[in-house]
Amino acid sequence: MGWDALQLWGNGVQRIEPLSGGVANDVWSVSIGGELAVGRQGRRSDADLGWEAALLQHLARHGMAVPEPIPTRDGRLFADGLMLMRYVEGGPPETGADWRRVAETLRRLHRLTAGWPQRPGWKSSGDLLVATSGTRVNLAAMPPEGVARCRAAWARLAGRPTSVVHGDPNPRNIRITPERVALIDWDEAHVDVSDLDLVLPHNAAGLAPSFHDVAAQASAAWEAAVCWDDDYSKRRLAEVRAGE
C-alpha cells in the first residue's frame, strides 16, 4: 500500500514535501487535520515499529519531548510500514549550554528506560563481543583486524549501566527551544550501554577525561560497524585504537 496508507489517518491527509535526513526511510512533511506532522515510510518490521511506537509513547507520558505517533482512525500507530508523528519545533544546539541541556535530556531518557527490552532483531555492543550480526551490523563484512579493534573498544564498557540509547544524538536530530530539548529520528534507538549517547561536543555530559576516551572509542567503533563500508565508517574505524 505504501503512501496510499495515508487514507487510514483520514481523507484530508496530504503529503507536502520531502524532508532531509531520510537515509533508510522516505520522510515527508504531512498535513493532518490542518496540523503539520511528519510521515515516515520504510521497511521496518511490525515488531520493530511497535517497539519504537511504545517507546515514544512511554517517553511522552513522562513529559519528554519526542515525535509522538499519531494513531490511524482505527487506533493503529503504524500501517504498512508508515508512521505519522507529531511535528517537533526547534533548532539545533549551538552553545556549550545547549549541549549540557542535551546531556541532561539523554540522561533522563536513560533513567526512564532502564530494563527496557531490546529492539527486535538488534544486538548491543556487548552482544557483538560474541555475535557477528544484528539488524544494521554485519561484522563478517568488516576486516578481521577492524572487528578485533571494535570488540576491544566495546569490551572496555563491560559492566556499565544499560538502557535505551537514542543512538544518533547529532545536531540534526535535536530540536531546542527555551522551554525544552526534543529528540527526533529514533531509527537507531536500541538497548545498549548508556554512555554511548554521552560522547557530546564540549564534553557536555561531564565525563571524566579518561572515561570520555573509552566512551569515544566505543562510539566510533559502533558507528564504523553500523555504517560499514562507506567512507565515513572507514574514517570512524581509523579512530579506534588496537586493544590495550
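In table form, for the structure just shown:
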item	result
Hey, ARG175 out of contact with any strand residue (DSSP E or B) (no Cβ under 8 Å at 6 or more places or on another chain) and either basic (Lys, Arg) or open to solvent by less than 20 Å² (accessible area, probe 1.4 Å) (or both) or not	no
Filter result (assigned to a strand (DSSP E or B) and without any contact (Cβ under 8 Å) to a residue 40 or more places away in the chain) within region 69-82	PRO69
Unique residue being part of a helix (DSSP H, G or I), within 21 Å of the chain's Cα centre (by Cα) and of a type in the set (Val, Ile, Thr) when the list is VAL147, VAL191, VAL226	VAL226
Residue match in region 200-217 (condition: in contact with a helix residue (DSSP H, G or I) (Cβ under 8 Å, 6 or more places away or on another chain), under 14 Å from SER125 (Cβ atoms), in contact (Cβ under 8 Å) with a residue 60 or more places away in the chain and small (Gly, Ala, Ser))	no
Selected residue (criterion: least open to solvent (accessible area, probe 1.4 Å)) from residues of region 29-38 that are among the aliphatic types (A, V, I, L, M) and farther than 17 Å from GLY2 by Cβ	ALA37
Considering residues of region 1-28 that are among the β-branched types (Val, Ile, Thr) and open to solvent by 80 Å² or more (accessible area, probe 1.4 Å) only, the residue nearest to the chain's Cα centre (by Cα)	VAL23
Residues being within 17 Å of LEU36 (Cβ to Cβ) and without any contact (Cβ under 8 Å) to a residue 60 or more places away in the chain - total across region 1-12	1
Some residue of region 73-88 being within 18 Å of ARG175 (Cα to Cα), aromatic (Phe, Trp, Tyr) and touching a Ser or Thr at 6+ places or on another chain (Cβ under 9 Å)	yes
Where GLN217 falls short, out of the listed (1) exposed (fewer than 15 other Cβ atoms within 10 Å of the Cβ); (2) under 27 Å from ARG111 (Cβ atoms); (3) at pLDDT 95 or above	(1)
Failed criterion for SER233 (all others in (1) open to solvent by 10 Å² or more (accessible area, probe 1.4 Å); (2) at negative phi; (3) without any contact (Cβ under 8 Å) to a residue 12 or more places away in the chain; (4) not β-branched (Val, Ile, Thr) hold)	(1)
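Each row is one residue, and each column tells you yes or no for (1) part of a loop (DSSP other than H, G, I, E, B); (2) surrounded by 14 or more Cβ atoms within 10 Å (Cβ to Cβ); (3) at pLDDT 95 or above.
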| position | (1), (2), (3) |
| --- | --- |
| GLY115 | yes, no, yes |
| GLN118 | yes, yes, yes |
| TRP122 | yes, yes, yes |
| ALA140 | no, no, yes |
| GLY159 | yes, no, yes |
| GLY167 | yes, yes, yes |
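Residue-by-condition table, conditions (1) assigned to a helix (DSSP H, G or I); (2) touching a helix residue (DSSP H, G or I) at 6+ places or on another chain (Cβ under 8 Å); (3) surrounded by fewer than 16 Cβ atoms within 10 Å (Cβ to Cβ):
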site: ARG40; (1), (2), (3): no, no, no
site: ALA47; (1), (2), (3): yes, no, yes
site: GLU52; (1), (2), (3): yes, no, no
site: GLN57; (1), (2), (3): yes, no, yes
site: PRO67; (1), (2), (3): no, yes, no
site: LEU84; (1), (2), (3): no, yes, no
site: GLU89; (1), (2), (3): no, no, yes
site: PRO93; (1), (2), (3): no, yes, no
site: VAL102; (1), (2), (3): yes, no, no
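The values are calculated or read from the model by the stated rules, or taken from the named source; none is laboratory data. The model shown is predicted, which means the values in this text are computed figures rather than measured ones. Ideal geometry is used to build each Cβ from the backbone, glycine not excepted, and the neighbour counts take in all protein chains shown. These accessible areas exclude ligands, DNA and RNA; they are computed on the full protein's heavy atoms, side chains included. Shrake-Rupley method; radii C 1.70, N 1.55, O 1.52, S 1.80 Å.
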